[in-house]
Each structure stands twice: as C-alpha cells, then as structure tokens.
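Trainee: Here you go, one structure.
The values are calculated or read from the model by the stated rules, or taken from the named source; none is laboratory data. Quick caveat: nothing in here was measured; it's all calculated off a predicted structure. Don't worry about glycine lacking a Cβ; one is built from the backbone with ideal geometry, like all the others, and counts go over all protein chains shown.
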Amino acid sequence: MTPRAGTPRRWAAALLLTLIALSACAPEPAEFRGTRLTAGESVPGFELTDQFGQAAESGDYRGRVVLLTFLYTHCPDVCPIVTGQLRKVSEALQNEASEIALVAVSVDPERDTVEAALDYSDKWRMSERWEYLVGSREELREVWAAFYVDPVEIDLDEEGSESQAAGVPPTGSVDALRQDLRQRYLVSHSAPVYVIDREGVMRVVFTPPLDVDAMVHDVRVLLR
C-alpha cells in the first residue's frame, strides 16, 4: 500500500507538537542566587578525619545537600568570618538539619590536628553543626585540587608586615612566645563555599563576601 502524500509531514508536525507540549511541562532550571556551576563535576572520593577523630568519607554525604568550604584553625581573618556565616546558615536551616551537612576541609595539615579542629569548633559553637575534616598533606592535596583551592604558606619570619597584620603581641611577652610557637606562618587561600546536591554534584559556589540569605535559599532549592 502506497503512503498517501503528506503523511511524513503530518508525522513531523505531530512530533513537533509533542515536543513542545513536553517542554512546556518540564520544570524550569532552578534559580540559584550563587554562581551556578554547569560542568556537572562530582565531589572526588576522599577519606579524612573529623574533629572527633572519626573517619569521614565523601560517600557519607550522599542523600544530603552539602555546604563545603576550606579553613584553618590558626587563621586570623577570613576563616572566622566564614565560620560565623556558616553558623548563621545552620541556625536558619535548623528544621532541615537532618537533610544537610556543613563541611570544612583544612588547608593547614601540619597544625590542624584533630584536637585543634575540635577546639576551634567548640570555640565557634560548631562542634555539633559541622564536620571539620583534617588529614595529611597528601590526602588533602587531592581535595584542594578538585575544588580549585591552592593554599600558599607565608613565613611570618620573612614577612614582618604580615606579623603586624596578624596582631602579634609585643616581643618578649609570654603571649608573644606562645603565639609565635603556634602561628609561625599564615596560609593564604581562597575561601569558597560550594553547595553540593544530594547526588554529590557541585551545583553552586559562593565567594566572600558571603550572603547568608542567598546560601540558605540555594540549599532549599536543592532540598525540594
């Protein structure tokens, strides 16, 4: 039987109408307030240790929306600010606490011990709100690279102006000696906050100055 003229055109028209109808029903892309990441990169596999000395693996966070950043416990400037803002995010999302995870990854493996991570977390009332992850330089380097973080150490003995900026007490005092032993160098690093979806895909990134309301909004978009 010979197809009637125009049949292919009718099929094409019907297919086009179907596609238009499906696209009209499809959900619109989420409106994030942070910088949207479109590469679809997944969080790399890692095995680190949290502030309680417990093992932490990247797969542990699947099924939750994660806010992940990079800090160090001796940081005199940006890290305390980021920590305070993440605490505000945690407080705003307390009703969704079981569905989210806040994660801080160390950029100072030599000084960020488990004990130091716990002391810092206690100081900021974050011990039960986040996981502060520490590890060896080899373990951490792969995580830094995956998130485009490149920490650089600044020797305070060679940078006098840096020592002054860090608020070093007068030479000769007990406090000066104690702080000199703890803080002989600074770590220059970026402090992005990545928002990662339940499947472990990096979806949004925020950079300082951070907007707490915007971060809360974007987390809730991914919780829908």
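Trainee: For region 72-94, what are the residues that are of a type in the set (D, E, K, R) and in contact with a helix residue (DSSP H, G or I) (Cβ under 9 Å, 6 or more places away or on another chain)? Steps first, please.
Mentor: Taking region 72-94 and keeping what is of a type in the set (D, E, K, R), we get 77, 87-88, 91.
Listed by number, the residues that qualify are Asp77, Lys88.
Trainee: State which residue pairs qualify: first residue hydrophobic (A, V, I, L, M, F, W, C) and inside region 112-141, second residue part of a loop (DSSP other than H, G, I, E, B) in any location, beta carbons under 6 Å apart, and separation of 6 or more residues or different chains.
Mentor: Qualifying pairs under 6 Å: Val114/Gly53; Ala116/Thr73; Ala117/Gln51; Leu118/Gln51; Leu133/Asp50; Val134/Asp112; Leu140/Pro109.
Trainee: Any residue that is touching a helix residue (DSSP H, G or I) at 6+ places or on another chain (Cβ under 7 Å), on the phi > 0 side of the Ramachandran plot and either modelled with pLDDT of 85 or more or part of a loop (DSSP other than H, G, I, E, B) (or both) - is there at least one of those in region 147-162?
Mentor: No: region 147-162 contains no residue that is touching a helix residue (DSSP H, G or I) at 6+ places or on another chain (Cβ under 7 Å), on the phi > 0 side of the Ramachandran plot and either modelled with pLDDT of 85 or more or part of a loop (DSSP other than H, G, I, E, B) (or both).
Trainee: Taking the criterion of being among the aliphatic types (A, V, I, L, M) and within 28 Å of Arg224 (Cβ to Cβ), would at least one residue in region 73-81 satisfy it? Please lay out each step first, then the result.
Mentor: We begin by selecting, within region 73-81, every residue among the aliphatic types (A, V, I, L, M); these are 78, 81.
With the extra rule that they be within 28 Å of Arg224 (Cβ to Cβ), the set shrinks to none.
No: region 73-81 contains no residue that is among the aliphatic types (A, V, I, L, M) and within 28 Å of Arg224 (Cβ to Cβ).
Trainee: Let me ask you something else. Looking only at region 73-104, filter to residues that are more than 17 Å from Ser121 (Cβ to Cβ) and in a loop (DSSP other than H, G, I, E, B); which one of those is nearest to the chain's Cα centre (by Cα)?
Mentor: The residue in question is Leu93.
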